[in-house]
Structures are given as structure tokens and as C-alpha cells.
Amino acid sequence: MSVTRERIIELGENLILTKGYNAFSYQDISTELGIKNAAVHYYFPTKANLGTSIVKTNILRFEEMIDNMHSRGFDEWKQLDAFIKIYIKSNREQKLCIFGSLGPDFDTLNENTQNELVKMTELIVNWLTEILTSGKEKGFFVFNEDSHNKAAMIFSSLVASLQLSRIVKNFDYKSFCQAIQEGLKS
């Protein structure tokens, strides 16, 4: 992948996470990179192409993170903790996650971007379901809900709380995330 293409994806993602999908243009990217709009269009003929590429890049990152945690022998607690730390970092950087940012614009996204976002959502919820199920069987986690429902609850809480933290300035995001983990202890 060319350096320019990578930078366009990086800047596009940053704009999505800070401003929203429909609030930025190729001009924002070309100005930041000091290139012409035509150069951005060369790599991504449409904003829809860019949006799809950004979501696919996020999927690859998530899959690499899972593989890395497995190769390092992370137990279910460490995996959950690593996942939650992504949201804590996003909050610290005053960014939404890709779901919190693209979710409200879902109906305005093209079909490919929608499909990739659904794919990533299912990937994360299924992964969370697996670690919750396994962690519960090993006695790490205690909860009464169905594992899939609990995974969806945790994931949606993390996404929504990033949005809430933008509105409520004194929102203690780290404590909120710790409460999610505390709620899984016996």
C-alpha cells in the first residue's frame, strides 16, 4: 500500500471519529496532506470507497489484535481489558469509535460500507460472546444474562458512553469502564 493511500485512510478515519462521516470532504484531506483533491480521488474515486476502506482497515486491526492476544496467551480478563482500553484511549483522545460515528449515518452510507460495518459489529459481538462464555465457564466472569446478550450490552455501553462523554463534560469515563468490568466479578 502506498504511503499516500495509507495517510488518506488515516486522515479519513480521524475525521470520521472526530467530525463524523458526513461532516468532512476530500478537501479536508487534501488540505491536510498538501495535495490536490484529484490525488485523493486517484486512490479513492468516491467517499464511499474511502469509507469502506476505513471500515475494512478497522476489521483487519481488530483481527490482528485478537490474533496477538491469543499468541500471547491472554486469558479472558486480559482480552476484555485490552478491548476496553481501546475505548478509554478513544475517550482520552476525544474521539468516537467507528460505530458511534458511523452508526447515526448508517442509512446514508453506501451498501458496501454498511455491509462492512455490520460484519465488524458481528465480529466484535461474537468475539465478546466467546470470551464471556469461556470466562464464565472458567469462573472468571459472573453474570445471569445469555452470553450473546451480555456481549451486546457491554459493546453498546462502550459505544454509547463515548457519545455521552462528549455531552457530559465531567463524565468519568475510566470509572464507567471499570464498572463494566466490576459488574462481571463474583
Report summary line: Within region 131-142, residues in contact with a helix residue (DSSP H, G or I) (Cβ under 8 Å, 6 or more places away or on another chain), open to solvent by 80 Å² or more (accessible area, probe 1.4 Å) and in a helix (DSSP H, G or I) come out as Lys136
Query raised in the report: Quick one: would you say Leu60 is surrounded by 15 or more Cβ atoms within 10 Å (Cβ to Cβ) and over 16 Å from Ala160 (Cα atoms)?
Result: no
Report summary line: Given the conditions (1) touching a residue at least 60 places away in the same chain (Cβ under 8 Å); (2) within 14 Å of the chain's Cα centre (by Cα); (3) within 26 Å of Ile167 (Cα to Cα); (4) crowded, with 20+ Cβ neighbours inside 10 Å, every one holds for Ile88 apart from (4)
Report summary line: Checking Met120, Met153 in turn, the sole residue that is open to solvent by 80 Å² or more (accessible area, probe 1.4 Å) and either at pLDDT 95 or above or in contact with a His (Cβ under 6 Å, 6 or more places away or on another chain) (or both) turns out to be Met153
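Results for (1) open to solvent by less than 70 Å² (accessible area, probe 1.4 Å); (2) more than 12 Å from the chain's Cα centre (by Cα); (3) of a type in the set (Phe, Trp, Tyr); (4) more than 18 Å from Ser157 (Cα to Cα), shown as yes or no for each residue.
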{"position": "Ala82", "(1), (2), (3), (4)": "yes, yes, no, no"}
{"position": "Glu93", "(1), (2), (3), (4)": "no, yes, no, yes"}
{"position": "Gly100", "(1), (2), (3), (4)": "yes, no, no, no"}
{"position": "Gly103", "(1), (2), (3), (4)": "yes, no, no, no"}
{"position": "Asn110", "(1), (2), (3), (4)": "yes, yes, no, yes"}
{"position": "Thr113", "(1), (2), (3), (4)": "yes, yes, no, yes"}
{"position": "Thr129", "(1), (2), (3), (4)": "yes, yes, no, no"}
{"position": "Asn144", "(1), (2), (3), (4)": "no, yes, no, no"}
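Ile66: closer than 27 Å to Ile131 by Cα and in contact with a Lys or Arg (Cβ under 7 Å, 6 or more places away or on another chain), yes or no?
no
The values are calculated or read from the model by the stated rules, or taken from the named source; none is laboratory data. Values in this document were obtained by computation on a predicted structure and should not be read as measured data. Backbone-built Cβ (ideal geometry, glycine too); neighbour counts: all protein chains shown. The accessibility values were calculated without ligands, DNA or RNA, using every heavy atom of the protein model including side chains. Shrake-Rupley method; radii C 1.70, N 1.55, O 1.52, S 1.80 Å.
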